[in-house]
Amino acid sequence: MLPSMNARRCLELRLPERHVPSARGGRPLPPGLRAAAEKLFGEDFSAVRVHTSARVRQLNALAFTSGSHIYIAPGLYDPETPRGVRLLGHELAHVVQQRTGRVHHPFGHGVAVVKDPALEAESDRMGAALAQWVFQRQCSASTSED
């Protein structure tokens, strides 16, 4: 990996092109989770695809996002748990940040890890908000059925 500093003095790492996972395939978000995320974010996530890849670990990450593709380390894709939804929500925030031009690719190709504290904090908040929303609604639905 090749480190450099961006204009905000945040570390960026580039993963060599040969290590970038394929953007082909992947799975769509589960329908209920997608609907909740679209409502919370006010975005269309129909094009988002989730991939599991051991190469995520080469970035010392749990997951990363490139455009509409979310790559998650093996064993961590779990959209049925609060932790799994929180991770997906965090990465969906990065999808939105990239779409809106708040994050750009500093190298033009490969994978860049942009460590901007403000963007990471925003992604953490959105991930937590999505998990809270999804699981509060599930609890509300199950208690109203009793």
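To keep it simple, each residue is scored yes or no on (1) surrounded by 16 or more Cβ atoms within 10 Å (Cβ to Cβ); (2) more than 18 Å from residue 124 (Cβ to Cβ).
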residue: 32; (1), (2): no, yes
residue: 44; (1), (2): no, yes
residue: 51; (1), (2): yes, yes
residue: 57; (1), (2): no, yes
residue: 67; (1), (2): no, yes
residue: 83; (1), (2): no, no
residue: 87; (1), (2): yes, no
residue: 92; (1), (2): yes, no
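Of all the residues in the stretch 54-81, those that are among the hydroxyl-bearing types (Ser, Thr, Tyr) and over 21 Å from residue 115 (Cα atoms) number 2. Screening the stretch 1-105 for strands (runs of 3 or more DSSP E) wholly inside it with 1 or more residues that are modelled with pLDDT of 85 or more and touching a strand residue (DSSP E or B) at 6+ places or on another chain (Cβ under 6 Å) returns the ranges 49-52, 63-66, 69-72. From the list 141, 129, 112, 118, the one residue that fits, being at pLDDT below 65 and either surrounded by fewer than 19 Cβ atoms within 10 Å (Cβ to Cβ) or touching a Ser or Thr at 6+ places or on another chain (Cβ under 6 Å) (or both), is 141. Annotation note: Cβ proximity below 6 Å between a residue of the stretch 42-61 that is under 24 Å from residue 100 (Cα atoms) and a residue that is of a type outside the set (A, V, I, L, M, F, W, C) and part of a helix (DSSP H, G or I) (sequence gap 6+ or interchain) occurs for 45/34; 45/38.
The values are calculated or read from the model by the stated rules, or taken from the named source; none is laboratory data. The shown structure was predicted, so the numbers you read here are calculated from the model rather than taken from an experiment. Every residue, glycine among them, receives a Cβ derived from its backbone with ideal geometry; neighbour counts consider all protein chains shown.
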